[in-house]
Amino acid sequence: MASHGIRDRVAIVGMGCTPFGEHWDRSADDLLIDSVSAAVADAGIGLEDVDAFWLGTQASGVSGMALSRPLHLDYKPVTRIENMCATGSEALRGACYAVACGAYDVAMAVGVEKLKDSGMSGLVSTAVPGAGDDSRGEITAPANFSLLAPAYAAKYGLGPDALKDVMARIAWKNHVNGARNPRAQFRKEVSLAQIRDAPTVAGMLGVFDCSGVSDGSAAAIVVRAEDAHRYTDKPIYIKALSLVAGPVDGLVDTGYDFTTFPEVVASARDAYRQAGITDPAAELALAEVHDCFTPTELILMEDLGFSARGQAWKDVSAGAFDLDGALPVNPDGGLKAFGHPIGASGLRMMFEAWLQLRGEAPPERTVGTVAAGRKLALTHNLGGGPGECVSFVSVVGSEPSA
Amino acid sequence: MAGLLAYGAYVPYHRLARQDIAAALGTSAGRGTRSVAGYDEDTTSMAVEAARPALRGDSGLRGSIRHLLLATAAPAYLDKTNAAAVHAALALDRHVLALDVAAAVRSGIGALIAGARSDVPTLAVLADIRTGRPGSTDESACGDAAAAFVFGAPSATRPVIAEVVAHDALSEELLERWRLPGAVASRVWEERFAEDIYVGLAREALDGALSEAGWEAADIDHFAVAGLHGRACAAVRRGSGVRLAALTPDFADAIGNTGTAHIGVQLADVLDRARPGEKIALVVLGDGAGVLLLRATDALPAHRATRPVAEQIASHSAPMAYASFLSWRGMLDREPPRRPDPEPPYAPPAHRRTAWKYAFTGSRCEKCGARHLPVSRVCASCRAVDAMVDEPMEQVHGTVVTFTVDRLAFTPSPPMLVVVVDYDGGGRFRCQLTDATEADASVGARVEMTFRRTVTAGGVHNYFWKARPLREARATGPARD
């Protein structure tokens, strides 16, 4: 991997995040105005101080004008980008590199998605005219990710009931965390029995195994690291940014076994090298990962190196990733409970890292690992499905490395 | 001398029990079951399924065909040639005249006679989907099926399996059965009106053909009579001087009268069983009468179809719900999922990928041998560019690697079963599993490919391939009670 990384060269100095949920009374424009305004206020600057913008949205607007119009920005560079469910992280990546290379002093990454205006159940793909000759336009996202479950169960000798328990445990944990997050879409704890007995959506996935379909927006302001203390006493430094697009051969190549995301493994390896991490489970204070469906979070624990191969189900069951576990995962409730407005999710993950590393998370969901001295957080964002996805991993920290 | 070279039949997997119609509508119960084309089948897709086994493993025969006739009373499209889709799915030579012989049940025997008389190798495919208004005789007594026959000159590897001995056809303008374009059901005149007319027409045509052949009625070893006028067909069967033992089964109890396809299904069944030298007579009633006489050759026993009609009739689903049948035939408009309307296929991308989409032709890398489904210009294994050769995959079986049941996706028959298939000899593809229940979807299940009309969206039929469970021959289907 030929990335050089920009470790400690830029920092986040302000963030904003709207509540996620069914915002019947607010448009994508409204959500953008809210998150952008919150971020600039957080950094103590005016919107005119931002030199360039990266807007991430999958389908809630096209072109830079999707941001410049609602805010009436004055002749500023606005890049509109899309990278499936990793769109928000991709916006951050663009803003960080622009500042790191010296092109701009202050850049903003903002993500937004307005999913609830469509009236459809679940996500609606943006169709490209096709020949009707593969399953991509037919299969839904939960069905696509549910392909992981039978394969994982078969490979590691779990019965379907045992695997269902593990999946329920992940949903239960994320709902416990979401119940402690006023911005989350779902703020109630859900019992294991309720999760297990919910109507099925696809394969082994019940309603509670699926992330929330919601509206929302999040934004971050990025400056050079040496300038960061002009804006805040507690900047969050970028340690690593890695994005990979896979070769899209998992549905072609008989070597792929549906128990891993090779793209995640590759992006994690790259990010850990950039950040100088050798033992992520011991070094990270928390991880925000792409729990679009519960089997995804299970497999991510192995792909990100938090659990050994075939062991994640045991670690999940033992509570290793709970709020008070050895490595809290998705302390804000994750996609599962916080909700998943596609273009905003990557920046929402970063928002939780921002709060936790700065000690600003509400006490009831503050992870103990930060007080215990850990200073690094990971965000992981993916788009696509098993065998064909894009994967993003970032590492951020509350202190520059020595 | 030219003659019949190969054949195949296709009876769809699904069955509707007549007692379930009666129970739903409060009418008197009929006996047995009828065959039902799947929600993802039409006459075009069933024609492909009937012709595939006839051409299987014989590229010489496939390449020799110069004329394709698709006979059906239920064409999937008007104005557009449905036989062109069959031609594409079978990967026939480009220089083939592919034609629809459409609209009437008589088209079936018409295509057979035209094929038998043709001076170029001809594939005649007969397919039909029969229904009527709920509670009608057509709905319960009819069924769905297809059959395919290749006529032409023999080659070293492909002998004549039945000689064409004689034929005759009479045409008669007659308001007996008719249907306006777009109507859901046929209309018929009072049944007794045409009975005597048909019996007379059949006698005249049969006498003409027998005289040409120099046969007596009593010489006939296999006598098949088809048509939608049940009383006339019964009268011809009984009253033509043919030996009782020569009357072929009409499959009324198991699959029903399959209309345009029925004479083909009966002929295929006869060819599954006939001994060398036996005399076969086919009679079809409808707007006249058509007769074709054939004689089985010594080569027949070694060249019978791989899936006999009797085996396909015996291998079937548990009887389906009558409500599902009505839904599949468009007579019960059920609430769809809260999902976007399915996408139709777009013409330019479909045309660019005809060999893949219609014939399931993948590609194989000449450098490293990796198979690609769908076709790919860059090898997923060794990254060689434009080093691919065609790799026909429609006959290759596979094993399910993982699967799911998609309860959210749009499908005319929820839930959608999706499997990831690894093919014998290499290659992987994810597709729908059809003719199956959730119990059939499991890791390790064996599957074969089948040509389907996956969906009709925006007024466009989408044809593509699905997997279906590889079912071994069974003596009987699942018991009902």
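The values are calculated or read from the model by the stated rules, or taken from the named source; none is laboratory data. Please read all numbers here as calculations on a predicted model, not as lab measurements. Every residue, glycine among them, receives a Cβ derived from its backbone with ideal geometry; neighbour counts consider all protein chains shown.
Of the residues B:319, B:301, which single one is of a type outside the set (Val, Ile, Thr) and part of a loop (DSSP other than H, G, I, E, B)?
On the way: B:301 fails: part of a loop (DSSP other than H, G, I, E, B).
It is B:319.
Just name the residue that is surrounded by the fewest Cβ atoms within 10 Å (Cβ to Cβ) out of those in segment B:61-76 that are under 13 Å from residue B:121 (Cβ atoms) and either in contact with a Phe, Trp or Tyr (Cβ under 8 Å, 6 or more places away or on another chain) or of a type in the set (A, V, I, L, M) (or both). Walk me through it before giving the result.
Taking segment B:61-76 and keeping what is under 13 Å from residue B:121 (Cβ atoms), we get B:61-69.
Remaining after also requiring either in contact with a Phe, Trp or Tyr (Cβ under 8 Å, 6 or more places away or on another chain) or of a type in the set (A, V, I, L, M) (or both): B:61, B:65, B:68-69.
Details: B:61: 20, B:65: 25, B:68: 27, B:69: 24.
For segment B:61-76, the residue satisfying everything is B:61.
Would you be able to tell me the number of residues in segment B:250-283 that are of a type outside the set (Lys, Arg) and under 22 Å from residue B:161 (Cα atoms)?
Of all residues in segment B:250-283, those of a type outside the set (Lys, Arg) come to B:250-272, B:274, B:276-278, B:280-283.
Going one step further and asking which of them are under 22 Å from residue B:161 (Cα atoms), we end up with B:261-272, B:274, B:276-278, B:280-283.
Of the residues in segment B:250-283, 20 are of a type outside the set (Lys, Arg) and under 22 Å from residue B:161 (Cα atoms).
Keeping to segment B:377-395, report how many residues are among the polar types (S, T, N, Q) and at the interface with another protein chain (Cβ under 9 Å from one of its Cβ atoms).
Initial filter on segment B:377-395 (among the polar types (S, T, N, Q)): B:381, B:395.
Keeping just the survivors that are at the interface with another protein chain (Cβ under 9 Å from one of its Cβ atoms) gives B:381.
So the answer is 1.
Please go through segment B:445-472 and give me each residue that is surrounded by 22 or more Cβ atoms within 10 Å (Cβ to Cβ), hydroxyl-bearing (Ser, Thr, Tyr) and within 12 Å of chain A (Cβ to nearest Cβ), ordered by number.
B:454, B:463 - these are the residues of segment B:445-472 that are surrounded by 22 or more Cβ atoms within 10 Å (Cβ to Cβ), hydroxyl-bearing (Ser, Thr, Tyr) and within 12 Å of chain A (Cβ to nearest Cβ).
Could you list, in sequence order, all residues of segment A:87-119 that are touching a helix residue (DSSP H, G or I) at 6+ places or on another chain (Cβ under 8 Å) and within 14 Å of chain B (Cβ to nearest Cβ)?
Within segment A:87-119, the subset touching a helix residue (DSSP H, G or I) at 6+ places or on another chain (Cβ under 8 Å) is A:87-92, A:104-115.
Listed by number, the list holds a single entry, A:115.
Considering each residue of segment A:356-378, count those that are of a type outside the set (A, V, I, L, M) and assigned to a helix (DSSP H, G or I), and give that number. It would help to see each step written out before you state the result.
Step one: of segment A:356-378, the residues of a type outside the set (A, V, I, L, M) are A:356, A:358-360, A:362-366, A:368-369, A:373-375.
Of the ones still in play, those that are also assigned to a helix (DSSP H, G or I) are A:356, A:363-365, A:368-369.
Number of matching residues: 6.
Residue by residue through segment B:239-268, note down the ones that are buried (at least 16 other Cβ atoms within 10 Å of the Cβ), in a helix (DSSP H, G or I) and aliphatic (A, V, I, L, M).
Passing the criteria: B:246, B:261, B:263, B:265, B:267, B:268.
Just to be sure I understand the filter: pairs with C-beta atoms under 7 Å, separated by 6 or more residues or on different chains, first member in segment A:275-300 and more than 16 Å from residue A:337 (Cβ to Cβ), second member surrounded by fewer than 24 Cβ atoms within 10 Å (Cβ to Cβ) and among the basic types (Lys, Arg). Which pairs pass?
Note: pairs meeting the criteria are A:275/A:7; A:283/A:374; A:284/A:374; A:285/A:374; A:285/A:375.
Assess whether residue B:455 counts as being within 22 Å of residue A:386 (Cβ to Cβ) and either in a loop (DSSP other than H, G, I, E, B) or of a type in the set (A, V, I, L, M) (or both). Before you say what the answer is, go through the steps one by one.
Details: within 22 Å of residue A:386 (Cβ to Cβ): no; either in a loop (DSSP other than H, G, I, E, B) or of a type in the set (A, V, I, L, M) (or both): yes.
No.
Go through segment B:183-221 residue by residue and tally those that are surrounded by fewer than 17 Cβ atoms within 10 Å (Cβ to Cβ), of a type outside the set (A, V, I, L, M) and not in a loop (DSSP other than H, G, I, E, B).
Result for segment B:183-221: 11.
Let me confirm something: among B:79, B:58, which residue is surrounded by fewer than 20 Cβ atoms within 10 Å (Cβ to Cβ), free of Cβ contacts under 8 Å to residues at least 24 places away in the same chain, out of contact with any Cys (no Cβ under 8 Å at 6 or more places or on another chain) and of a type in the set (Asp, Glu)?
Numbers: B:58 fails: free of Cβ contacts under 8 Å to residues at least 24 places away in the same chain.
Of B:79, B:58, the one residue that is surrounded by fewer than 20 Cβ atoms within 10 Å (Cβ to Cβ), free of Cβ contacts under 8 Å to residues at least 24 places away in the same chain, out of contact with any Cys (no Cβ under 8 Å at 6 or more places or on another chain) and of a type in the set (Asp, Glu) is B:79.
Which members of segment B:222-236 meet the condition of being part of a helix (DSSP H, G or I) and either under 23 Å from residue B:272 (Cβ atoms) or of a type in the set (Val, Ile, Thr) (or both)?
Residues of segment B:222-236 part of a helix (DSSP H, G or I): B:230-236.
If the condition is that a residue be part of a helix (DSSP H, G or I) and either under 23 Å from residue B:272 (Cβ atoms) or of a type in the set (Val, Ile, Thr) (or both), then B:233, B:236 are the ones that fit.
Could you go through segment B:162-180 and let me know if any residue there is surrounded by fewer than 24 Cβ atoms within 10 Å (Cβ to Cβ) and part of a helix (DSSP H, G or I).
no
Please go through segment B:330-362 and pick out each residue that is more than 10 Å from every other protein chain (Cβ to nearest Cβ) and either in contact with a helix residue (DSSP H, G or I) (Cβ under 7 Å, 6 or more places away or on another chain) or modelled with pLDDT of 95 or more (or both). Break it down stepwise before answering.
Let us first name the residues in segment B:330-362 that are more than 10 Å from every other protein chain (Cβ to nearest Cβ), namely B:330-336, B:341, B:355, B:359, B:361.
Scanning segment B:330-362 gives B:332, B:334, B:355, B:359, B:361.
Anything in segment A:1-25 that is over 23 Å from the mean Cα position of the chain (by Cα) and either surrounded by 17 or more Cβ atoms within 10 Å (Cβ to Cβ) or small (Gly, Ala, Ser) (or both)? List them, or say none.
The one that is over 23 Å from the mean Cα position of the chain (by Cα) and either surrounded by 17 or more Cβ atoms within 10 Å (Cβ to Cβ) or small (Gly, Ala, Ser) (or both): A:2.
For the condition buried (at least 23 other Cβ atoms within 10 Å of the Cβ) and closer than 24 Å to residue A:288 by Cβ, what is the one hit in A:112, A:176? Before the answer, list the steps.
Working: A:176 fails: buried (at least 23 other Cβ atoms within 10 Å of the Cβ).
Going through A:112, A:176 in turn, the sole match is A:112.
Residue B:20 fails exactly one of the following numbered conditions: (1) outside any helix (DSSP H, G or I); (2) modelled with pLDDT of 95 or more. What is the number of that condition?
Of everything listed in (1) outside any helix (DSSP H, G or I); (2) modelled with pLDDT of 95 or more, residue B:20 misses just condition (1).
List every residue pair whose Cβ atoms lie under 6 Å apart, where the two residues are 6 or more positions apart in sequence or sit on different chains, the first residue falls within segment A:230-245 and is among the hydroxyl-bearing types (Ser, Thr, Tyr), and the second residue, located anywhere, is crowded, with 22+ Cβ neighbours inside 10 Å.
A:231/A:13; A:231/A:43; A:232/A:13; A:237/A:11; A:237/A:397; A:242/A:267; A:242/A:271; A:242/A:393
Between a first residue in segment A:123-137 that is at the interface with another protein chain (Cβ under 7 Å from one of its Cβ atoms) and crowded, with 21+ Cβ neighbours inside 10 Å and a second residue that is among the polar types (S, T, N, Q) and not in a loop (DSSP other than H, G, I, E, B), which pairs have beta carbons less than 7 Å apart while being 6 or more apart in sequence or on different chains?
Going by the 7 Å Cβ cut-off, the qualifying pairs are A:132/B:454; A:132/B:462; A:135/B:432.
Mind telling me which of the residues B:155, B:107, B:118, B:136 ends up being crowded, with 24+ Cβ neighbours inside 10 Å and among the hydroxyl-bearing types (Ser, Thr, Tyr)?
On the way: B:155 fails: crowded, with 24+ Cβ neighbours inside 10 Å; B:118 fails: crowded, with 24+ Cβ neighbours inside 10 Å; B:136 fails: crowded, with 24+ Cβ neighbours inside 10 Å.
Residue meeting the stated conditions: B:107.
Looking only at segment A:314-341, which residues are buried (at least 24 other Cβ atoms within 10 Å of the Cβ) and farther than 23 Å from residue A:355 by Cα? Full working, then the answer.
Within segment A:314-341, the subset buried (at least 24 other Cβ atoms within 10 Å of the Cβ) is A:316, A:321, A:327-341.
Correct list: A:316 only.
Please tell me if residue B:374 is closer than 24 Å to residue B:52 by Cα, at the interface with chain A (Cβ under 10 Å from one of its Cβ atoms) and not hydroxyl-bearing (Ser, Thr, Tyr). Please lay out each step first, then the result.
Numbers: closer than 24 Å to residue B:52 by Cα: yes; at the interface with chain A (Cβ under 10 Å from one of its Cβ atoms): yes; not hydroxyl-bearing (Ser, Thr, Tyr): yes.
In short, yes.
Which members of segment A:300-312 meet the condition of being crowded, with 24+ Cβ neighbours inside 10 Å and not in a loop (DSSP other than H, G, I, E, B)?
Within segment A:300-312, A:300, A:301, A:303, A:312 qualify.
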